[in-house]
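Some notes on the structure that comes next.
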Amino acid sequence: MTQALNAKSAPPATRWTLPEVVAPASREEVIARLDRASRQGKLPGFETDPPGDFRVAVFGQPFDRELVATIESVGDGARVRFAPRLRAKAPLVLLLSVVFSLWPGVIFLDALIPSSWGWWPTWTWYFPLVIVPTLLATPALWRKSETAAAAHAREQIAIIARRTGGRVEGEAPGSI
């Protein structure tokens, strides 16, 4: 599922196994029906990418993703293939919050702990105290986010199938 939509939005290779939707409608009709569903609040984050491709939001707290769809014309209908793409905002916010809170934390603790106590310089123990737990917690947070996003992606695909009058194909039970 690494087909390129266009240069700026090519989905990455993924370990997710997502089903496809086969709809009895044309590419234009699929987009029109999904646009209607989006305007009714049933398909959050729906945006079209020319020519005839689209994206929808996939929530996987805290690392949200997009479900990038490619529509292929098949006979009188259309086949919609999906690939997830990470939204870089949340990981970037996590990284920047750790980086930009390090030195102010050192200054704050220096003000709280008198230097007359003879402790090591604050930064020598404060940096590991902040960085190590963040690094240890991130993989579990990532796995939890990926599981939630995969489940929501399947919900979005079911909505897309229902709204286009299509059927879901290729679903492997419990696969991510």
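The values are calculated or read from the model by the stated rules, or taken from the named source; none is laboratory data. This is a predicted model, so every value here is computed, not measured. Cβ placement follows ideal geometry from the backbone for every residue including glycine, while neighbour counts extend to all protein chains displayed.
With respect to the stated conditions, E171 fails to be among the charged types (D, E, K, R), modelled with pLDDT under 95 and in a helix (DSSP H, G or I).
Sort through F127, F100 and tell me the only one that's surrounded by 14 or more Cβ atoms within 10 Å (Cβ to Cβ) and hydrophobic (A, V, I, L, M, F, W, C). Reasoning before the result, please.
Numbers: F100 fails: surrounded by 14 or more Cβ atoms within 10 Å (Cβ to Cβ).
Exactly one of F127, F100 is surrounded by 14 or more Cβ atoms within 10 Å (Cβ to Cβ) and hydrophobic (A, V, I, L, M, F, W, C), namely F127.
If we scan region 145-165, do we find a residue that is buried (at least 17 other Cβ atoms within 10 Å of the Cβ) and part of a loop (DSSP other than H, G, I, E, B)? No, there is no match, as no residue in region 145-165 is buried (at least 17 other Cβ atoms within 10 Å of the Cβ) and part of a loop (DSSP other than H, G, I, E, B). Within region 44-98, the set of residues being basic (K, R) and within 18 Å of E155 (Cβ to Cβ) comprises R55, R65, R81, R85, R87.
Of the conditions (1) crowded, with 16+ Cβ neighbours inside 10 Å; (2) touching a strand residue (DSSP E or B) at 6+ places or on another chain (Cβ under 8 Å), A90 clears all except one; give me its number. So A90 meets the others, but not (2).
Tally time: how many residues in region 119-132 are without any contact (Cβ under 8 Å) to a residue 12 or more places away in the chain, of a type in the set (F, W, Y) and part of a helix (DSSP H, G or I)? Give the derivation first.
Looking only at region 119-132, we keep the residues that are without any contact (Cβ under 8 Å) to a residue 12 or more places away in the chain, and these are 119-121, 124-125, 128-129, 132.
Among the residues that remain, those that are also of a type in the set (F, W, Y) are: 119-120, 125.
Going one step further and asking which of them are part of a helix (DSSP H, G or I), we end up with 125.
So the answer is 1.
Selection of strands (runs of 3 or more DSSP E) fully inside region 24-118 by the criterion of at least 1 residues being over 14 Å from the mean Cα position of the chain (by Cα), at pLDDT 90 or above and aromatic (F, W, Y) returns 53-58.
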